[in-house]
Every structure is written in structure tokens, then in C-alpha cells.
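No lab work stands behind these numbers, since they all come straight from the coordinates. Keep in mind that this is a model prediction, so the values were computed, not measured. Here the Cβ positions follow ideal geometry from the backbone for every residue, glycine too, while neighbour counts run over all protein chains shown.
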Amino acid sequence: MSGVKARIAAELVAGRGRSLRYTDVDDETLLRQHSPLMSPLVWDLAHVGNYEEQWVLRRAGGLAALRPDIDAMYDAFAHPRAERPALPLLPPAEARRYIAGVRDRTLDVLDHMDLSDPHPLRADGYVFGLVLQHEQQHAETMLATLQLSRLPGLVRDGALPSGRARGHDQVLVPAGPCEIGTSASAWAYDNERPAHQVDLPAFWIDRFPVTNEAYEEFVEHGGYDDPRWWTVDGWRWRCARRVAAPLFWIKDGGRWWRLRFGRHEPVPPREPVQHVSWYEADAYARWAGRRLPTEAEWEKACAFDPRTGQALRYPWGDGDPGPRQANLGHRASRPAPAGAFPAGASPCGAEQMIGDVWEWTASWFAPYPGFTGFPYREYSEVFFGRTHRVLRGGSWATHPAAVRATFRNWDLPVRRQIFAGFRCARDVTRDEL
Ligand SMILES: [Fe+2]
């Protein structure tokens, strides 16, 4: 097996390990719908196998369908999440057998595939990149489900580097053109393509994501009670849902606690805030006299290298993420404190842009100039418009294979179950020019 194929095989194995770890719970926990926002875990499990069957075995490998009878049941577009518990889902043991059978054949297809074949699904093993990123994304979704379940003891924790205090600290990104998106990254999604130039005025961006300590000031200073800080839609949402703090925060004995995978613990001040909606992030930024960065600003601060005029794959360069650079891949079940990864700083000095928390941006999810939908319309195209906001950078739960500087995630502005926080930006004032 070639080096590339061995790497693909290793990534497939790693992704499956996560799917099985997060579903190594009793059948009742797997079958139950823990939140109307999420699927039962056993749906996610069979869905990743069915997706792999459809794309690797049938379309790229030309094999006959193993289970065409279940395609519709595991089609995310045919059945919204709220409907999924009522479907005659494969029971957990059968789901595990099914996905293992698919995986055996996937490894055979990989073994025999010519990765220099120009077919767009086979070139550079694109279809394997598609399914292994998909499975890792569902692993993160499963973690969000486990967090929403409020059940203790299901998710492991681990150690992270400690942070370093810097106070409020912003970095300057000078004016000028930079490349956004990619045309060269083999496994990039359609929505990251094609690479194109943008020319941005100078701006300031926070060195770190907004911390719990900073966010608590907004909470304690009545940020949730003052419509001046909120958009019209945001204020309506905050009032209708009676939102008064991030999801999973609880006030008890005069201090804030949080519920994290079934455990109550004091809110750690130096960690980036997570489980806030776009509306909350946007309101905080206005209260603080700043704003959310656009996604082009975010990407420039993350990856633009003024020494070469080129964009890097990651803030620190083109090398894969290491443990000193970013908190990714569920090393621990939490973001790392601000300042934990000086070795992961971008050329302009911004830190923790990759990993820790997804970061809401000011931008709606929209196609880049020259966008072509691939390999199917429902991957990105149907979400474009003024409905979904873009998130960048991945979270502590995101696998390194499923994030890079150009990666775009998107969600509705009300969503809080995802591992999302934000950082602020502001324009450069006249005096600072
Ligand atoms: Fe999916």
C-alpha cells in the first residue's frame, strides 16, 4: 500500500474508533432522542456507514448496493432530526455489523483504486477524504448529543497546557490583498473553493477567543437585559427563550457553575466561552464596543503570511497540527485556557484560531465567486443565503483532518449546542492609521 493509502487507511481507522467509543453505551442511551435538535446516537452510527457505502462503495468503487432498503432512512434531507426517533432504525448491534461490513469493502476499494485516476471522486482519494471528514464531523455531533443528554460518565477528560494571562489584547492586521479559500487543497470542500483575492482595510482582532471571565462581565452588567446590544431578531429570540447566560451555565450561591458532560463545576474564568449563539456573540461584541470579524478577516488573521504574501494551511505553517499548536481531536473535553498555545500563533500574532471553540463570524454563508457544487448540491449549496452564519477554526472536539484555515462551518444564529464561542474585531481608527 502506498504512503498516501496507508495514511487514508489510518485516518479511516481513527475516525471509526471515535464513532465506536462515543456509542459504547447501553442500547437505551443509543436509541433515545436526547434533544429534538439531535438524532438518536444510533442514527448517526448507521448514517456514517450508509454515507460511506453510497460514496465509496457504489459511486467511486462501482460495487452493488449492500442495503439500498435503508438509504432513505439515513438520508439527512429526507428526515429532519426531530423525525428520526420514529424511524425503524437498525438496532445497535445490527448497525455495528452493517458499518463494519461496509468498512471491510471500503478498505478493499482503497487497496485497488488508482489515486491518479482523473475521476473527481477518485483523484487524490477525494472520496475517502469526503467520508473520513464526514465521520469525524458526526463524532463531534455525537459529543454535542452526549453533552445535551446531561448524563454523567460517558465522556473522558484529559489534561491540557495551562494558559498565560495577557489581559485584553488585540493584534493588528495591516491593510492589503490576501488569498481566501483554496483551489489546491485536495480534500477541501466545494464551499472552500475556488481561491480568490480579497483586499481588506486594516483591522484589529482579539489575540484570543473571548473568555468566560470577560463574558461574565457582560452577563453581570445586564447585557441580556438591554436591547441596545441586540439585533431585532436577536432580542426577539432572547426574550422568547428567556436566555440569560450561555447554555449549560447555572447560577448557584452567587457564582456561575456549568454543566459539562453531566458534571457541575465552577465556570473556569480563563477558558474561551462556549455554547453561545450567534445572537449572543454579536450582542457581546456590540456591548464591548467592537464587532464580530467577517470570515475574510478571520481567515486573513489566521493564515496570511505577510513575509511571502501567501496564505498558510494553518496559522503556524503548513505542517499538521501538533499538541503544542492546537487543542483538537478531543484531547480533553473542553477548550484550553487563553494563552495555552503560543506555538500555534498566526503570523499576525492571533492565537487559538484553530481548535478550542468554533468561532462565529459576522458573515452569512454564501458561495465564493466561481463556486461549483460538488459532489452533491445538498453539501453546501442549499444552505447558502441569509439564514446561516459562518463559523471558523474548529473546536476541541474537531479532528485535525476535518479543519484547516480555509474550512467553513455554518449554522443557524440561534444554535447553542455546538462547541462555539467567538473573538471580536474592530476597525482601525483614524488616529491609529
Ligand atoms: Fe451526515
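Summing -39500 (n - 2.57) over the DSSP H runs of n ≥ 4 in the chain and dividing by its residue number, what mean residue ellipticity at 222 nm do you reach, to the nearest 500 deg cm²/dmol? Intermediate values should be presented prior to the final figure.
Values: 10 runs with 124 residues, N = 433.
The per-residue figure over the chain is -9000 deg cm²/dmol.
Helix 3-22 axis versus longest C-alpha principal axis of the chain: approximately 80°, rounded to the nearest ten. Judged by the gyration tensor of its Cα atoms, with axes a ≥ b ≥ c, region 156-433 is rounded; a/c sits under the 1.5 cut. The trypsin sites (Lys or Arg not before Pro) of region 298-334 that DSSP puts in a loop, and whose beta carbon has at most 10 other beta carbons within 10 Å, are Arg307. In terms of its C-alpha gyration tensor, region 1-75 comes out oblate, because a/c is 1.5 or above while a/b does not outweigh b/c. Compute the angle between helix 232-241 and the longest alpha-carbon principal axis of the chain, please, reported from 0 to 90 degrees and rounded to the nearest 10. So the helix axis and the longest Cα principal axis differ by about 70 degrees.
Quick one: dipole size for the chain, taken about the Cα centre, charges +1 on Lys/Arg Cβ and -1 on Asp/Glu Cβ, in debye to the nearest 20.
Numbers: 53 positive and 55 negative charges, 148 e Å.
Around 700 debye, computed over the chain.
Loop-located trypsin sites (Lys or Arg not before Pro) in region 237-282 (DSSP state other than H, G, I, E, B) with a sparse environment of at most 13 neighbouring Cβ atoms within 10 Å: Arg242. Annotation for Ser183 and Asp108: the two label points, set 7 Å from Cα along the Cα-Cβ direction, are 4.0 nm apart. Between Thr387, Thr308, Thr145, the GNM of the chain built on Cα springs shorter than 10 angstrom shows Thr308 fluctuating the most.
Helix 278-287 axis versus longest C-alpha principal axis of the chain: approximately 20°, rounded to the nearest ten.
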